[in-house]
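Engineer: Sharing a structure with you now.
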Amino acid sequence: MEYLDFELPIKELEDQLDKCLVIGQESDVDVTNTCKQINKKLEETKRHIYKNLTAWQRVQLSRHPNRPYTLDHINALCGETFLELHGDRGFKDDKAMIGGLGKIDGQSFMIIGQQKGYNTKTRQYRNFGMANPEGYRKALRLMKMAEKFGIPVLSLVDTPGAFPGIEAEERGQGEAIARNIIEMVRLKVPIIVVIVGEGASGGALGIGVGDKVYMLEHTWYSVISPESCSSILWKSWDYKEQAAEALKLTSSDMKQQNLIDDIIPEPLGGAHYDRETTFETVKNYIMKGFHELKDLSTQELVAQRMRKYSDMGEYKE
């Protein structure tokens, strides 16, 4: 298990507990009470730390290397029923964008989402979860296919942003994201969006328009990352903590501003501490959202989605 800087008190107590258990196993000393006291202190420390997380600490948790990624969620939700589909039929297959058909509790979904890598090799292969224009065009192709066959769409968002390279801009990165947004607004099947990690900028919005938008508790959703915001405003990354607070990017901030529909609770310590519980909770929210949408007519569905996004923000005429 890897620990973030603010989790070091937890690591110390867990190390103490491990040593205590080893002493009990290797000697005749009764360490039961000592282990209980350490365990109690460990639970109290965990609750105190995770109850009082700053915005920047939540950003760090969303990037935890042990946190489940999109494919982990897909494999847990669909098992062997998931059939990955490839290519945008225009340029190539973008490995940063996953897409395909799968069944959750017997219900078919067209599932799309960004995928990060688990090590250096796979991170390069997946381009660190940053999709090129062909990734967004592949996602749109699959969504239009889902619309044709009346299959609901499930979008799993986890990206530090769309790929900002020159070649991506040459192939129309901005147009691809904008096209996805307008097409998703008027797509004639239910769309459920779950932010499972990072939700950064247009990279997230390109597959982030939905009838139901959920965020896992320790994720973030914003027009820009704290580091990039800090570098623009203060010409340095040193102010990323202040930027994170100012951006109001946490799940509770998003819910308070009515930009998402609900927050999916995570196990104490984050999704990586208890993956199975996380997967089951995510599945329950997905199916709950689907059952609330499945009986709406196409006209009601699209009108409700358009109204939802038209009502966001404050403005004066």
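Engineer: Karplus couplings for segment 51-56 from phi (6.51 cos²θ - 1.76 cosθ + 1.60, θ = phi - 60°), rounded to Hz, Gly and Pro as x?
Structural biologist: Each residue's phi maps through the Karplus curve to give 7, 10, 5, 7, 4, 5 Hz.
Engineer: Additional query: Report the charge-dipole magnitude of the chain in Debye, nearest 20, computed about the Cα centre from +1 at each Lys and Arg Cβ and -1 at each Asp and Glu Cβ.
Structural biologist: 980
Engineer: Related question: Among the chymotrypsin sites (Phe, Trp or Tyr not before Pro) in segment 162-225, which ones are in a DSSP loop with at most 15 other Cβ atoms within 10 Å of the Cβ? Mind listing them?
Structural biologist: none
Engineer: Rounded to whole Hz and in sequence order, give me ³J(HN,Hα) for segment 119-136 from the Karplus expression 6.51 cos²θ - 1.76 cosθ + 1.60, θ = phi - 60°, writing x for Gly and Pro.
Structural biologist: Per residue, the Karplus-derived 3J(HN,Hα) values read 8, 4, 5, 6, 5, 5, 4, 8, 6, 6, x, 9, 7, 8, x, 5, x, 5 Hz.
Engineer: Could I ask something else about it? Using a 1.4 angstrom probe with every protein chain in place, what is the largest-first accessible-area order of I191, I182?
Structural biologist: Result, largest first: I182, I191.
Engineer: Continuing with this model, one more query. Return the label of the correct value of percent of Cα pairs over 27 Å apart, as calculated from the structure shown, out of (1) 52; (2) 46; (3) 42.
Structural biologist: From the options (1) 52; (2) 46; (3) 42, the structure gives (2).
Engineer: Among S231, P190, H218, which residue has its Cα furthest toward the positive end of the charge dipole of segment 183-284, with +1 on Lys/Arg Cβ and -1 on Asp/Glu Cβ?
Structural biologist: P190
Engineer: Given the protein chains as shown and a 1.4 Å probe, how many square angstrom of K46 are accessible, to the nearest 10?
Structural biologist: Roughly 20 Å² of K46 is accessible to a 1.4 Å probe.
Engineer: Next question. Could you order Y136, Y315, Y118 by accessible surface area, starting with the largest, using a probe radius of 1.4 Å?
Structural biologist: Y315, Y118, Y136
Engineer: Right, another one. Could you pull out every residue, at least 5 positions away or on a different chain, whose amide H is within less than 5 Å of the one on L216? Hs are placed 1.01 Å off N in the peptide plane, and Pro or chain starts have none.
Structural biologist: When sequence neighbours closer than 5 places are left aside, the close amide H contacts are I195, I264.
Engineer: Want the number for R171 to W237: 0.36 nm per residue separation, take away the alpha-carbon distance, what's left?
Structural biologist: Between R171 and W237, full extension yields an extra 20.8 nm.
Engineer: What's the carbon and sulfur percent of the chain's accessible surface, probe 1.4 angstrom, rounded to a whole number?
Structural biologist: Carbon and sulfur: 51 percent of the exposed surface of the chain.
Engineer: Please work out the Cα center distance from segment 178-225 to segment 276-317, rounded to the nearest Å.
Structural biologist: Here the two parts' Cα centres lie 11 Å apart.
Engineer: Related question: Going through the cross-link list K121/K235; K116/K294; K92/K138, which pairs have a Cα-Cα distance over 20 Å in this structure?
Structural biologist: Going by Cα-Cα distance, K121/K235; K116/K294 fall outside the 20 Å limit.
Engineer: OK, next. Roll a 1.4 Å probe over the protein chains and send me the accessible area per residue for segment 153-302 in Å².
Structural biologist: 42
Engineer: Would you grab the residues whose amide H sits under 5 Å from the one on E198? Only those 5+ places off in sequence or on another chain, please, with H modelled 1.01 Å from N.
Structural biologist: Under 5 Å from the amide H of E198: T159.
Engineer: Separate question: Which FRET efficiency, nearest 0.05, do N75 and T122 yield, Cβ-Cβ r, R0 22 Å?
Structural biologist: Once rounded, the FRET efficiency stands at 0.90.
Engineer: Extending each Cα 7 Å along its Cβ direction at N39 and S297, get the distance between those two points in nm, one decimal.
Structural biologist: According to this spin-label approximation, the distance is 5.9 nm.
Engineer: Next question. Leaving ligands and nucleic acids out of the surface, order R47, R126 by accessible area at 1.4 Å, largest first.
Structural biologist: R47, R126
Engineer: Skipping prolines and chain starts, which residues have an amide H placed within reach, meaning under 5 Å, of the one on A162, given they are 5 or more residues away or on another chain?
Structural biologist: Amide H neighbours of A162, under 5 Å, 5+ apart: G202, G203, A204.
Engineer: Determine how large the accessible area of D158 is when every protein chain is in place; take a 1.4 Å probe and give Å² rounded to the nearest 10.
Structural biologist: Accessible surface of D158 is approximately 0 Å².
Engineer: Nearest 500 deg cm²/dmol is fine: what mean residue ellipticity at 222 nm does the chain get from its DSSP H runs of n ≥ 4 alone, each adding -39,500 (n - 2.57), divided by its residue count?
Structural biologist: Theoretical 222 nm ellipticity from helices: -15000 deg cm²/dmol.
Engineer: Enter the Cα centre distance for the pair segment 125-142 and segment 1-37, rounded to the nearest angstrom.
Structural biologist: Result: 44 Å between the Cα centres.
Engineer: Please compute the volume of the convex hull spanned by the alpha-carbon atoms of segment 1-114 and report it per residue in Å³.
Structural biologist: In segment 1-114, the Cα convex hull volume per residue is 185 Å³.
Engineer: Out of the trypsin sites (Lys or Arg not before Pro) in segment 51-118, which ones are loop residues according to DSSP with at most 13 other C-beta atoms within 10 Å?
Structural biologist: R89, K92
Engineer: So what are the ³J(HN,Hα) numbers for segment 295-303, from phi and the Karplus equation (6.51, -1.76, 1.60; θ = phi - 60°), rounded to whole Hz, Gly and Pro as x?
Structural biologist: Result, ordered by residue: 8, 6, 6, 4, 5, 5, 4, 5, 5 Hz.
The values are calculated or read from the model by the stated rules, or taken from the named source; none is laboratory data. Being a predicted model, the structure only gives us computed values, none of them experimental. Every residue, glycine among them, receives a Cβ derived from its backbone with ideal geometry; neighbour counts consider all protein chains shown. We work out accessible area using only protein heavy atoms, side chains counted, and drop any ligands, DNA or RNA first. Shrake-Rupley method; radii C 1.70, N 1.55, O 1.52, S 1.80 Å.
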